[in-house]
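Notes to accompany the following structure.
None of the figures in this text is laboratory data; all of them are computed from the coordinates on show. Quick caveat: nothing in here was measured; it's all calculated off a predicted structure. Heads up, the Cβs are rebuilt from the backbone with ideal geometry, glycines too, and the neighbour counts pull from every protein chain shown.
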Amino acid sequence: MTLAKIEFIPAFSDNYIWCLSDVDGNALLVDPGDAEPALAHLKAHHLQLNAVLITHHHPDHVGGLPEILNACGDIPVYGPQNHCETINHRVAGGDSVQLLGSTFEVIAVPGHTLDHIAYYLRAEDSENNTPALFCGDTLFAGGCGRLFEGTPEQMYASLGALSELPGPTRVYCAHEYTLNNLKFALQAEPGNAALAKRMDTTEQLRADNLATVPSTIALELDTNPFLRTQSKELQRTVAQAAQISEGTAVEYFAALRAWKDRS
């Protein structure tokens, strides 16, 4: 049985907790940093929580776990090797997890944090037979996560691995950062027509208070500057902003990330 539904649960000011469910009312949560909206969603939709998936250890992704476990009982919590004691099933890149009749493939994506992982569902296991990626704070719509622990080389490699997933793959990231990300992206690559079109769409969605995610891998490849370091226009703007001459793809990526951090 494939998943019937993937829904977002708003949390804090801009977080998204993802709730996946099947036709029998079984559910799992991805990165429930805030227990209150997560539990309210489960109750309102008459869902039985079977498991939790964690991408990394930051409090806005794991903070709700104690209250959720207290309310829902001894359910499995899958996540990476870190100091979060509420994770009771440790997984790493190359592993897979069987839940709700679907196989979640684990991808190691260090950079934002050293322990960061993502979960990938192939088309046959996902909603509407469309591949799905739950990538936490690694790949955002129009951007990527800050490098709190990892190196530019690690994040560049992690994003490269995700960019090789099928183009239709839906990207379920953990924050509503798209509008600000695209404003920066237009500074980095102002001549990108696909990016300008995406900006128009995103501005309308946000004006209507609608979510801008999920994205797709294909859309990110066309419009996300952190996946486009081979773009000559982007290289020129990054070199000017960083006051560097020619560099490698990783060096352009590092300079781009540093520029975004300053913006």
statement: Across Ile107, Ile54, Ile244, the residue with the highest GNM fluctuation in the chain (Cα network, 10 Å cutoff) is Ile244
message: Beyond 35 Å, how much of the Cα-Cα pair distribution for the chain remains, as a whole percent?
response: 14
- prompt: Just in the range 94-187: which chymotrypsin sites (Phe, Trp or Tyr not before Pro) are loop by DSSP and have at most 14 other Cβ atoms within 10 Å?
  reply: Phe148
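How do 57-66, 188-197 rank on mean C-beta neighbours within 10 Å, highest first?
On the way: 57-66: 19.9, 188-197: 16.0.
Top to bottom by mean Cβ count within 10 Å: 57-66, 188-197.
So which GluC sites (Glu not before Pro) in the range 55-108 pass both tests, a DSSP loop state and at most 12 other Cβ atoms within 10 Å of the Cβ?
On the way: sites: Glu67, Glu85, Glu105; in loops: Glu85.
Answer by residue number: Glu85.
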query: Which values of log₁₀ I(q)/I(0), to two decimal places, follow from the Debye formula for the range 20-149 at q = 0.10, 0.12, 0.19 Å⁻¹ with a uniform point scatterer at every Cα?
result: -0.30, -0.43, -1.13
message: Can you divide the C-alpha Rg of the range 142-263 by 2.2 N^0.38 Å and report the result to two decimal places?
response: 1.02
- request: Please report Trp18, Trp259 as a ranked list, fewest other C-beta atoms within 10 angstrom at the top and most at the bottom.
  value: Trp259, Trp18
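Which of the GluC sites (Glu not before Pro) across the range 156-263 are loop residues per DSSP, with 11 or fewer other Cβ within 10 Å? Write down the numbers at each step before the final one.
Working: sites: Glu164, Glu176, Glu203, Glu220, Glu233, Glu246, Glu251; in loops: Glu164, Glu176, Glu246.
Sparse-neighbourhood loop GluC sites (Glu not before Pro): Glu164, Glu246.
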